[in-house]
Every structure is written in structure tokens, then in C-alpha cells.
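Taken together, the values in this text are just the output of simple stated rules run on the coordinates, not laboratory data. Note that the structure is predicted; figures quoted are calculated from it, not measured. When we count neighbours, we look across all protein chains shown, and the Cβ atoms used for this are built from the backbone with ideal geometry, even at glycine.
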Amino acid sequence: MGKCRTCGHPPSPEPYYKNVGNETTQDHASIFRDTQYAAGVVIQDEFQVPAVDSDIQVSVKNLVNVVVGSYLWHPAYGSLKIVYWDDCKKKIGLLNEGLTGNAAPGSVVPECTAFVPSSRPCCADQDNFQLFPFLAEDFEAPGVGQSRTIQVTSTFGLVEGTNIRIGTGIYYLEQINSSLEVVITNTGAGQTPGDIVEAKDSDGNFQYLLTTLIASICGTGDIATGRIVVCDGASEQLLAGEYQGQVPTLIDPVTGDVKFQLIDAEVRVCTSLTAPMSITAVQDTYTISVNDESVFSIGDILQINFLQLRWEVTDNTTPGQLDITCTQGNPLVIINVPIGSAVCIQLTDEYLQEEIDDAVSTINDLISVQLTGWVSLSATGTYTSASVFQVPGNVTQYLSIGQKFKFKLNGVNFYGNIRSFAYGGVTTAVTIVVNDQSILTNQAITDIQISNQFPPDFPASFSWVPIATGWASTPFPLGRYTITGRLFEAAIVMSGAVSNATTFDLSIPIVPVTGQGTHGYAFDMVNAGGTLLTIGAVFAAGLNAGVSPNGSSTGVWTNSGTKSASVRLSFLIS
């Protein structure tokens, strides 16, 4: 028809991608995702950033409405002010005010670039665009009595003739040259002369805020209370809260917005009233109805509905009730506290110290695990036999076959590996790998710990005396083994004994996984008369390792004569 539709009644908006050609790239989608805005304004044609205080007319697509006086923002091109809007032709006028962050005039903006609608950047028309004075560029620390000109992000709040802190150094602020440059003097408390003070950390963030130590723009002297001033557009406003005890909290790291909120519930324990409470000037003790009385202990100091009164818990044994006594404050009139009002532990110095102590204890436990490799399992245990002890409760989810353990046996460290474990309804029975060093006795078991790492105090290996068969006399065997996870490795030496079979067996301290086949070999096998034989195969099953020596051109393992042998053995345990 050659005319636009009625300006006040546009058609239903179409998806932005319907009428956009193949030239739309993934970058446009990533703008919406990275900035986390729900929508954007797509400029249809390529254009150049206009000169400062000049505007340009551009076309947009499928835009229903826009507020003249608001801004379009893009991270690469800055903020452009919308100075007019033609609904029928879908054209807007964009003014370049030369704000900080704007691209240089003449910069080419590609077609189909998405801008984000926004309000005017906070304080963008002031010299101190960056509201906080951070060190902007590295500088070399001057010598005592010497001055240095440094670059900063802002001089907001800085006053000539005061002392300021920059990192670990303190300097005298001689002069403010501009909103981005100041002169400092080292009066003796600065960094080591010649050291480079770096403005940014390894992540590229400014790390040193210039902090005034003696004076501020508010005047001199210490104060106990004050108000927080925040930026609202281009004006300053007081930050307001709702309840006593709230603290300013960062709620949007992108915009820097903060608001007053209650501190985290994990720090401040609270419940709420389930019935109204009437407080009078002539009564000190009350019984109140609450959702959960169990979160408090007798002696806790409470605050109710953020009133300037303090209450001590005297009884919490009745479900849904608390007996309390007023310990601070005396209302001059009747105060009616409604249902749902907060009942919280008052954050006294003692309470906060307990929280700090608990947090420090937890951190110390984690540090201990990293340094020692040990994790506490139970404070006590009970002796059952030379190879079994009991742990209170069901701890099977923390245990594994071959796992390292240690505890105090009558006050002395006792080490070993777990052979098996089972929960019996009240306690967990733990069976250990018995060796020369790990044989339990009926004494006090305390401070039980486990490890899946390599604790520095854990023995490098354990010894045991294998029981040998296939010998007419005792071969004096000596074995040593280690267990790493589920891998068992052992070395056994036998010498000076007479054999009575063409094979021999050795007992082992732990059961291998079935079906593993050959698990090792015998070597240095010396027959009667000093004949050195070829190696033999070793097969482990159950608690026994069978050795089958191989024959050689110089002889075979006979069933008589004095012999010696060395055996290496490894297998997975079950």
C-alpha cells in the first residue's frame, strides 16, 4: 500500500532472526548471552560513530517502542543517546555525547549490531567517571623524601595534604594534577624504594585502592555512625535499609548495585513467632510460641523483630515454645509483636567468636588432611581379636579394601591395611591384614584415622613370616609387602633348608582376586650342589602362593637336598 500501518497499532513483533539474512553471525547471539540481557535493539545498517555532540539517523527492525532520552549501549562502541524516534519509519536518532567508554568518532559499526537499551551511565559527564580512586598504572616506589607522579582511575574522595595508603605503602598526597593524576611523596612509610608497585593483579583487575588515612572529604575526626551515599543516575542518594542489623550486600557485580540485606542465615540462627507477643514495661519474663525452639540453647541471647531489647533463653524443652527473660531495654509503652516476626540469635561478640572458632577449626582440619594425608574416622574403637576391631556406627561408606589406617593402641601409634569390613547393626567390624607389626592386643583404641593418600608417617613396608610347605626342614622364610590401593606386592627370601617336594607353597597375608592367573616369579633358585635353575612360576589362590620351579639344562628342582630361592609376588586383592 506504500504506507505504514497505524503508528499506535503495530503488528505483533516477529522473532529478530526471521527477517535477518545470513550475514547475522554467532557474535550477535553471544552479545545477548554474555551481557545477560533479555533483549536488544538491532541496528539494521552499517554506520559510523558520529562526532562528539553530533547525531546520526539509523534504521532499526521490529522495534515497537523506545524512550527518547534513554541510551543504547554496546561494549565496543559505548553509550549513544536516543534523541528522536520515528515509529512509522522505524528510525532513531543517536547522539554521541563523548562519554567515557565511547568509540572514537568515525568508528565503523557493522550492520545488524545489537545494542542494549539502558539508562544514562552513572556520572558519565563528570571528570571522575570511575568513582573509586584505584592505582591505574605501575610506578617505581620513590625514595624517602622523594616525590612521584602516578596515574589513577579517579581522584574522587582524595584531598591534598593528607596521607593515603597504596597497597602496603603510605604516602603524603602532595598535589592533585587532574582527575587521573596525582603527586605523592614518600615520608618514610612507603614501599621499598625502587620496587615496582603493580596496578593490576594477574587477572588484569585493579588491586590497590587509594585510601585516605587521616582526613576525608567529610572532615576530620573519628565517628561512630554514618550514612552510605550511592550513585543514582547522575545524582547522589542515601542507601536505605528496612531493618536494624542489615548490611550492604553486592547484588549485581555487573552494575555494582548494592542493597541492605540480613546477613546469611548460616551465620545468624533465626526462627519466627507463631503467635503474637505483647511486651509491657512491668513484665520481664515471657513464654513465646515459635516455629522451632530447637535451634536455640539455654543462655542464648535473642533479638525479636529487630527491637532494641535483648532476651535470654531460660528454657527450650517444650516443643514450639521458648521461655525468655528480658536482659536489656525497658519499653515505656506496650509493644505488640505480630505473628511471623523474626526471632534471632543476637550477634554478640561471644557468639561471633564461637562461629569464628568453628570456621578456623574446620579450616585447620582441611589443612591437616592436606599436610598429613589422614582423615579422622572415630574417636574410639573396641578390640575384638588379634585381627578385628569395632568402630561405632556404620562407617562402611568411608572404608575400602587395602585402605591405610592408624590409631592409638594404648597411646602408641598402630598402623596397617584393611582386609575387610562389615556393618553389624550397631558397629562396623574392621578386619586388618595381620603382619609382624600389626597384631592387635586387648588395649584401648583411640583416634582412629584412615587415608587413601601417602601419609609420610606410614611404614614403607610390613614384614611377615610365611608358612612354607614342600620342605623337610624349616627354610627360614622372610617376607615383606606393601599395599597400594588394591595392589599387593611382596618379596620373599628362603635359604638353608632341605626340600621334600618338586614344588613348594608359601602362605600370604591377604586374599587375591580370583582368576588372576600367574602373579609372580621365583628367581635365584639354587638347587642342591649350587646349581642355578631357571625362574619358576608363582600362582596365588586364597591365602596360599604355589611355586612351580622350571627345569633347565643344568637340572631340576628335586625333592631333596638343601636349597634356597627368592620370590616376587604381586596381585590385586579382593
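Would you mind calculating the gained length between ASN336 and SER361 on full extension (0.36 nm times residue separation, minus the Cα-Cα distance), in nm to one decimal?
This chain segment gains 4.8 nm when fully extended.
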Check the straight Cα-Cα distances from LYS61 and name the lysines below 20 Å, setting aside those fewer than 8 residues away within the same chain. LYS3, LYS18, LYS81, LYS89, LYS90, LYS91
Largest first, please: the extent of the C-alpha atoms of the range 139-212 along each principal axis, to the nearest Å. 33, 27, 17
Using only the Cα atoms of the range 375-511, build the gyration tensor, take square roots of its eigenvalues as a ≥ b ≥ c, and label the shape rounded, prolate or oblate: rounded if a/c is under 1.5, else prolate if a/b is larger than b/c, else oblate. prolate
Which residues qualify? For PHE504, with a placed amide H closer than 5 Å and at least 5 residues away or on another chain, they are VAL547
Can you sort SER564, SER499 by how many other beta carbons sit within 10 Å, fewest first? SER564, SER499
Based on the Cβ-Cβ distance from ARG480 to GLN207, what FRET efficiency comes out when R0 is 51 Å, to the nearest 0.05? 0.40
Under 5 Å, built H, 5+ apart or other chain: amide partners of VAL290: THR274, GLN321, LEU322
Quick one: net charge of THR285's neighbours, Cβ under 14 Å, K/R +1, D/E -1? -3
Calculate one ³J(HN,Hα) per residue across the range 44-54 by plugging θ = phi - 60° into the Karplus curve 6.51 cos²θ - 1.76 cosθ + 1.60, and present them in order as whole Hz with x for glycine and proline. 6, 10, 5, 8, 10, 4, x, 5, 4, 6, 10
Work through the residues other than GLY194 whose Cβ is under 12 Å from its Cβ and net out their charges, Lys, Arg +1 and Asp, Glu -1. -1
Tell me which residues come under 5 Å, amide H to amide H, from TYR415 once H is placed; ignore anything under 5 positions away on its chain. none
Apply 1/(1 + (r/R0)^6) to the Cβ-Cβ distance of THR317 and SER461, taking R0 = 51 Å, and write down the FRET efficiency to the nearest 0.05. 0.35
